[in-house]
Amino acid sequence: MLPARTFSVSIDHEWRALYERIWRPEFFPNWASGLAQSNLRFAQDAWLADGPEGPIRIRFTPHNAFGVMDHWVETGTGSQVHVPLRIVPNDDGAEVMLTLFRQPDMDDERFAADARWVNRDLKRLQSLVRRQATGPK
């Protein structure tokens with residue numbers, strides 16, 4: 001088993017409405033910095049993006065009633081990383097949770113850096129939803 005850490009952010013938005021708003025792969029570059037600078041595009045059965053170490057393929061969980069937004073990232077080296085992502089109810093709002101698995105080739109420093117990256121992206125999503133809900137100022 002791989003070591004794992006789950007990170008979450010609370011968003012003041014009804015969970016089903018939030019899921020409907022952000023589940024599409026095309027929305028991910030708005031908050032997922034690894035895809036923000038990439039040319040995310042659909043080809044055949046997967047999404048393609050430009051990763052830091054070359055092209056990557058991403059498969060996303062289809063739309064569902066459970067708030068599941070898992071995705072699988074295939075790197076240019078042929079390895080595949082599963083990224084569980086869930087939206088669950090948190091009273092009248094939502095909790096967005098992402099599990100980060102420590103890959104076999106990751107040292108402590110790299111795993112900590114990835115954890116910081118995940119937290120920045122989740123905070124970016126929280127801020128983006130808040131800004132869209134309140135509108136421009």
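The values are calculated or read from the model by the stated rules, or taken from the named source; none is laboratory data. Just so you know, these numbers come straight off a predicted model, no measurement behind them. Cβ atoms come from the backbone with ideal geometry, glycine included; neighbour counts cover every protein chain shown. To get the accessible areas, we keep the full protein, side chains included, count just its heavy atoms, and leave off ligands, DNA and RNA. Shrake-Rupley method; radii C 1.70, N 1.55, O 1.52, S 1.80 Å.
Observations
- Against the set (i) 51, 32, 21; (ii) 41, 34, 32; (iii) 49, 38, 32, the structure's computed Cα extents along the principal axes in Å falls on (ii).
- Calculated FRET efficiency for the pair residue 16/residue 109, C-beta based, R₀ 30 Å, to 0.05: 0.20
- Cβ-based net charge around residue 48, under 9 Å, with every Lys or Arg adding one and every Asp or Glu removing one: +1
- With a simple spin-label model that places each label point 7 Å from the Cα along the Cα-to-Cβ direction, the separation between residue 42 and residue 91 comes to 3.8 nm.
- Considering helices alone, the calculated mean residue ellipticity of the chain at 222 nm is -9000 deg cm²/dmol, with DSSP H runs of length four and up weighted by -39500 (n - 2.57) and normalised per residue.
- Of 82, 71, 63, the residue with the largest accessible area leads and the full order is 63, 82, 71 (1.4 Å probe).
- For the chain, carbon and sulfur atoms together expose 53% of the accessible surface, with a 1.4 angstrom probe and every protein chain in place.
- Once the 1.4 Å probe is applied to the protein heavy atoms, region 84-137 comes out at 63 Å² accessible per residue.
- Placing pseudo-labels 7 Å out from each Cα toward the beta carbon at residue 119 and residue 33 gives an inter-label distance of 1.2 nm.
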